[in-house]
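Rule-based calculations on the coordinates, nothing more; no lab input. Keep in mind that what you see is a predicted model, and the values were worked out from it rather than measured. With ideal geometry, Cβ positions are generated from the backbone for all residues, glycine too; neighbour counts draw on all protein chains shown.
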Ligand code: SF4
Ligand code: SF4
């Protein structure tokens with residue numbers, strides 16, 4: 001209970017005002033008190049006081065959360081609600097362990113080129129046996145009901161060649177980047193699992209944009225999963241190992257910036273690594289040196305590189321709306337920069353949707369632990385996209401892209417989902 005005990009003081013800051021109820025996407029759907037941060041904090045307090053145990057009901061309530069951070073951002077007393085809920089999850093994992101399947105996946109994601117990549121390579125070949133083309137852009141539907149997945153869920157196809165294995169990307173691994181004059185800035189690209197296994201095209205568009213902005217790009221080959229999925233599920237031990245592996249992978253080269261096109265990974269690299277590894281003074285300075293260089297790709301392009309694309313407006317107009325990923329807008333404060341990138345796209349007219357910063361429903365492992373609830377949250381987002389009339393919904397997180405594609409398909413909204421860098 002040690003991690004949780006440290007949060008007792010934080011729990012005591014909650015004055016039960018209920019402001020967090022009005023902004024919580026889970027409360028909007030299921031209404032009951034335990035869905036809200038206030039309710040969860042009361043439960044965790046009871047658990048710490050020994051009034052309740054690690055029951056199924058307790059675990060269900062602490063999992064009913066996307067960790068979107070809306071409660072934390074709106075709490076008048078500044079309670080670290082998501083920190084408390086994450087600590088409660090970590091405590092339950094410490095006591096009960098991680099489900100075997102999740103543990104296997106997390107352990108293998110520790111090595112991007114290892115068993116996981118091999119298993120996924122086989123899965124890439126087998127996917128047509130289990131799934132059929134959904135006749136919508138970038139989506140597969142299962143041919144029959146599958147455990148966890150169900151049979152009407154739109155899934156992203158696995159990439160034929162993973163991003164980190166593309167020949168042109170391998171050439172950009174540290175040591176392979178030739179002809180560096182060091183007159184230009186040197187930027188290391190962190191792909192993350194979404195881009196590596198599912199959306200290499202987003203990685204390619206990112207590198208293209210960085211090159212157009214005039215920097216030298218390196219893609220360190222020893223990078224692994226950022227650890228955010230493991231951390232969200234409460235597996236702090238694996239998340240810490242992943243953080244350390246990544247720091248070592250990027251310490252092997254010398255970079256002016258480290259950038260990513262995944263909002264969730266970006267939050268992990270900037271903030272989670274500090275939290276997980278900043279205990280000893282030696283580690284603290286290594287993490288600080290790493291984290292201080294991390295920028296979301298739109299932040300880097302707009303604020304540091306002052307990139308301005310040569311926009312062409314002689315083609316058809318494209319009406320684009322933007323979904324703010326929680327981990328970028330609310331949690332990193334990066335809202336204007338992705339919109340600036342969108343506006344650089346040929347023929348683009350940016351049209352804001354209602355509630356652009358409300359959660360898409362994916363986060364906090366909810367789309368795995370309670371898929372139907374996560375999709376109910378996505379419904380509100382899908383309706384906002386429909387009402388905007390946009391033909392493209394752009395965002396800055398591969399995870400949100402997967403959830404939005406599934407949700408738009410489920411609720412019959414025709415808009416195409418793209419990453420902001422794909423508009424350049
Ligand atoms: S808004 Fe903050 S203080 Fe108010 S109930 Fe929620 S967590 Fe407690
Ligand atoms: S993090 Fe989001 S989903 Fe979780 S309790 Fe807070 S507002 Fe609700």
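Return the FRET efficiency for the residue pair residue 306, residue 16: r is the Cβ-Cβ distance, R0 is 51 Å, and the value is rounded to the nearest 0.05.
Numbers: r = 47 Å, r/R0 = 0.93.
My answer for the efficiency is 0.60.
Where a ≥ b ≥ c are the square roots of the eigenvalues of the C-alpha gyration tensor, would you call segment 273-367 rounded, which needs a/c under 1.5, or, failing that, prolate if a/b is larger than b/c, or oblate? Let's see the in-between values first.
On the way: a/c = 4.00, a/b = 1.67, b/c = 2.40.
Oblate, since a/c reaches 1.5 and b/c is not below a/b.
Here the simple spin-label model places points 7 Å from the Cα toward Cβ, and for residue 33 and residue 96 these points are separated by 2.3 nm. Classify segment 318-423 as rounded, prolate or oblate, taking a ≥ b ≥ c as the square roots of the eigenvalues of its Cα gyration tensor: rounded when a/c is under 1.5, otherwise prolate if a/b is larger than b/c and oblate if not. Cα axes put segment 318-423 in the oblate bin.
Between residue 383 and residue 184, the contour length at 0.36 nm per residue exceeds the alpha carbon distance by 67.2 nm. Taking label positions 7 Å along the Cα-Cβ direction at both residue 60 and residue 8, the computed distance is 3.0 nm, reported to one decimal.
The spacing between segment 355-424 and segment 233-291, judged by their C-alpha centroids, is 28 Å. Given a Förster radius of 30 Å and the C-beta distance between residue 74 and residue 168 as r, what FRET efficiency does 1/(1 + (r/R0)^6) yield to the nearest 0.05? E between residue 74 and residue 168, to the nearest 0.05, is 0.10. Each peptide among 199-207, 348-356 gets the average number of other Cβ atoms lying within 10 Å of its residues, and from highest to lowest they stand as 199-207, 348-356.
Calculate the FRET efficiency for residue 317 and residue 355 from the Cβ-Cβ distance with a Förster distance of 22 Å, rounded to the nearest 0.05. Write down the numbers at each step before the final one.
Numbers: r = 24 Å, r/R0 = 1.11.
Efficiency, rounded to the nearest 0.05: 0.35.
When 16, 21 are sorted by how many other C-beta atoms sit within 10 angstrom of their C-beta, beginning with the fewest, the order is 16, 21. Residues 161, 34 in ascending order of nearby Cβ atoms (within 10 Å, fewest first): 161, 34.
Let me check against my output: what whole-number percent is the relative contact order of segment 2-96, with C-alpha pairs under 8 Å and at least 6 apart? Before the final figure, lay out the partial values.
Working: 95 pairs, mean separation 36.2, N = 95.
Relative contact order here is 38 percent.
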